[in-house]
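**Q** To start, I am sharing the structure in question, which I have written as structure tokens.
The values are calculated or read from the model by the stated rules, or taken from the named source; none is laboratory data. All values reported here derive from a predicted model rather than from experimental measurement. Note: ideal-geometry Cβ built from the backbone for every residue, glycine included; neighbour counts use all protein chains shown.
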């Protein structure tokens, strides 16, 4: 009876040691999986930080572009108001003038049309010429859109 008790005790001990060893191997395997997951998470965090930085740069660029566009819109509104003042006079009858002085009116309208077409080209992205950049006198500027076509012109 004492021999079977020893045998049972030895069996329980061996079973405990085997279970303990299996548990340690399982912990090691779990630890490796956790390390791999940690590496993936850190890579993901770094990638997300890069994405956030890029978004911040893009947002700053959008804000800057929006400011430039608003400045351009304000200049165009000012030019439109100037044109409206020029053509909004009550005593001016272009039809009567066209009948009386047809050649003069034709020349004026053709020049203004050419200037307006150039304004559209510039607004669409065409680069300014040296003459347009250097224009400082009223006789040198594009009177249809001076703030757009002649950035160095300062009206007095």
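**Q** Please find, within the stretch 99-137, the residue that is modelled with the lowest pLDDT out of those that are within 21 Å of residue 72 (Cα to Cα) and in a loop (DSSP other than H, G, I, E, B).
**A** Within the stretch 99-137, the match that is modelled with the lowest pLDDT is 136.
**Q** Still on this structure, please answer the following. Would you point out which residue out of 65, 47, 18 is in a helix (DSSP H, G or I) and either within 30 Å of residue 145 (Cβ to Cβ) or modelled with pLDDT under 90 (or both)?
**A** 65
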